[in-house]
Every structure is written in structure tokens, then in C-alpha cells.
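What follows draws every value from the coordinates through simple rules; no lab data is involved. All values derive from a computational prediction rather than experimental measurement. Cβ coordinates were reconstructed from backbone atoms using ideal geometry, including for glycine residues, and neighbour counts include every protein chain displayed.
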Amino acid sequence: MDQPQTSNYKKNYTILFIAIATALLIGGFLGFAISKKIDSNASKKAYENGWNDAKKRVSESGLVPAIPEGMPIKTINGVVESTSENEIVMKSNPLAIFSDPKLDMRTVMIDKNTKIYSIKQKDPKEFEKELAEYTKNLKTNTGAEQKTIPEPFLRVETKLADIAKGVRVSITAVNDIKNEQKFTAESIDIQLGDPTPPSGQK
């Protein structure tokens, strides 16, 4: 009779031991995971605080002009990375030294109302003539409504097919696009100069 009782005792002890060991392993794992999460959150918070302090320090120094708080941005410049039927992806120039890096790559949608222009160099003689007329107008019409100063280039309307990878563009939208990663363009100006290789290419 003693042998079955002893066997049951050993069996129950083994089950209890396994249960305690399992509980300890689970508890240890959860404790480790929670501590890692706390450490991760603390590191993230410290990084954000340091980032904000750096931005504030640079802004107060006056070395880098800061965009006034609440000021809308409707035009951005950059280099075309890719094009499709009705949109382009561009690597935009940062609006400020501490701009969100996620906004470096922007998707610009193009609809039937989007105007696309190619910037062409104006004939030097024609520009000189326009500039001379403008200067003359300033001298003879003092106090009167002045004409707009002539520009050394022309905006020639073109199409999306003329926008290639590496081309520099200036994008204008109707609404504020400062923090928009995807938006619809009101107009696109294809800038002068040779195409710039997309990022990662030479």
C-alpha cells in the first residue's frame, strides 16, 4: 500500500515542480519584456527631449532662419525620383535644418487642373530690351502703378511626359503642404539645368 502512495506523491511533486518552473520562466520572460519596453520608452523619450532641445538651441542662435510657427508652405523644390501616369515621387529639399526626415520623400499627385511648365532661358537681347523699358518706366512714371520687373526666363506649358528622373522641379499647391507627404499639385515648374541623378545613383 505504501508503494502506490509514494508513487502518487512523486508524480504530484513532479507536476508541481514543472508548474513552478513554467511559472518562473513565464514570469521572467514577462519581466524582461516589460523592462525592455520601459528602457525603450525611456530611450525614445530621452531622444525626443534631446532633439527638441537641439532645435530650440539652433533656433535661438539665429544662425539658421526658422519658419515662423503657423506659416503656411505652398511651394517646395526637389529632385524627381520616379514618375507614373498621374503622380511623381520627389526627394524634396528640407524646409528647415530639423525638418522631419520622413517628409524628404513626397508623392505629388497630378490631376486635370495641374499646370506643368518648363522653364526656358529668355533670349538675352529680348531680356535686355524689357529691362531697359522697365527702367525707363520707373523714371517717367514716378508715383504711378509700376510694371512687374521682367524675368530672365519664360514659362512654357508642357506635359507630364517631359518630367524625367533626376529633373529638378518646383511644386506649388493650393493648400499648406508643410507637413504633407502626399498632395495634389496646382502647378509644376521644370527647372533649368541638367538632370540630377536620383538618390543612390551617380
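By the count of neighbouring beta-carbon atoms within 10 Å, fewest first, GLU151, GLU130, GLU85, GLU157 end up ordered GLU85, GLU157, GLU151, GLU130.
A simple count of charges around THR172, restricted to other residues whose Cβ falls under 11 Å of its Cβ and scoring Lys, Arg +1 and Asp, Glu -1, yields 0. Once the chain from GLU157 to LYS122 is taken as fully extended at 0.36 nm per residue, the excess over their C-alpha distance is 11.1 nm. In a fully extended conformation the segment linking ASN141 and MET109 would gain 7.1 nm over its present Cα-Cα distance, using 0.36 nm per residue.
Distance between the pseudo-spin-label points of LYS45 and ALA96 (7 Å out from Cα toward the beta carbon): 2.5 nm.
For the stretch 75-190, what proportion of DSSP beta bridges, expressed in % and rounded to the nearest 5, is antiparallel?
In the stretch 75-190, approximately 75 percent of DSSP beta bridges are antiparallel ones.
The fewest-to-most ranking of TYR117, TYR134 by surrounding Cβ atoms within 10 Å reads TYR134, TYR117. Value of Rg to Rh for the stretch 117-180, rounded to two decimals, is 1.14; Kirkwood radius and Rg both from alpha-carbon coordinates. Between ASN175 and GLN191, the contour length at 0.36 nm per residue exceeds the alpha carbon distance by 3.6 nm.
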